[in-house]
Amino acid sequence: MNWLLAGLVAAGIAYLLNQFTYRLWQKYTIIGAVPLIEEVAKTMTAYFFGADYFYTHFIFGVIEGSLDALADHGGWLPALSAVFAHSLLGWVTERVINETNMLGAGILAAIIVHIVWNIALLFRTAKR
């Protein structure tokens, strides 16, 4: 159950740092600072807590999705999307770490996928 605590801590760290960077760069944080902050926070807390990478990312997604739903950021679809996306990022992270035995490679792979995901979401919402 270390992953539960790791996910909670990662969510807290990411929330604070994301708020700070948003004040500096506003809308540009979603394709730069946010993926970096969130992937480092999730993976490093899992590492330091000796927790499962996938489940730490999953808990992070549940927290983010819950906050989005409670803040009424588009209903339950974006909330479920957050759970799916962060679970996918956890799977990518764990898979790359297991294949390469390199923590940094897992983080970098997840950052890249996260940036692509966020760009796709921005493109989709801009088309509306």
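Worth pointing out:
- Only one residue of 88, 63, 35 has its Cα farthest out toward the positive end of the dipole of the chain, where Lys and Arg carry +1 and Asp and Glu -1 on Cβ, and that residue is 35.
- Region 1-30 and region 51-110 have Cα centres spaced 12 Å apart.
- Assuming charge only on the beta carbon of Lys and Arg (+1) and of Asp and Glu (-1), the dipole of the chain about its Cα centre is about 440 debye to the nearest 20.
- Percentage relative contact order, region 2-126, counting C-alpha pairs under 8 Å, at least six apart: 26 percent
- Surrounding net charge for residue 93, when Lys and Arg each add one and Asp and Glu each subtract one, Cβ distance under 12 Å: -3
- HN-Hα J in Hz across region 24-39 - Karplus 6.51, -1.76, 1.60, θ = phi - 60°, x for Gly and Pro: 7, 10, 6, 5, 6, 5, 5, 10, x, 5, 4, x, 4, 4, 5, 5
- √(5λ) per eigenvalue of the Cα gyration tensor, the chain, largest first, Å: 22, 16, 14
- Between the amide H of residue 52 and those of 3, distances stay under 5 Å, these residues lying 5 or more places away or on another chain, with hydrogens modeled in the peptide plane.
- The string of couplings for region 3-10 from the Karplus curve (6.51, -1.76, 1.60, θ = phi - 60°) is 5, 5, 5, 4, x, 5, 5, 4 Hz, one whole number per residue in order, with x for Gly and Pro.
- Helix content alone sets the calculated 222 nm mean residue ellipticity of the chain: runs of n ≥ 4 DSSP H residues at -39500 (n - 2.57) each, divided across all residues, give -29500 deg cm²/dmol.
- Label zone at residue 103 (point 7 Å along Cα-to-Cβ), backbone N below 16 Å, region 49-72: 49-54, 56-57
- Fully extending the segment from residue 77 to residue 1, taken as 0.36 nm per residue of separation minus the present Cα-Cα distance, adds 24.6 nm.
Values in this text are rule-based calculations from the coordinates and carry no lab data. What you see is a predicted model, and the numbers here were worked out from it, not measured in a lab. So basically every Cβ, Gly included, is an ideal-geometry build from the backbone, and we count neighbours across all protein chains shown.
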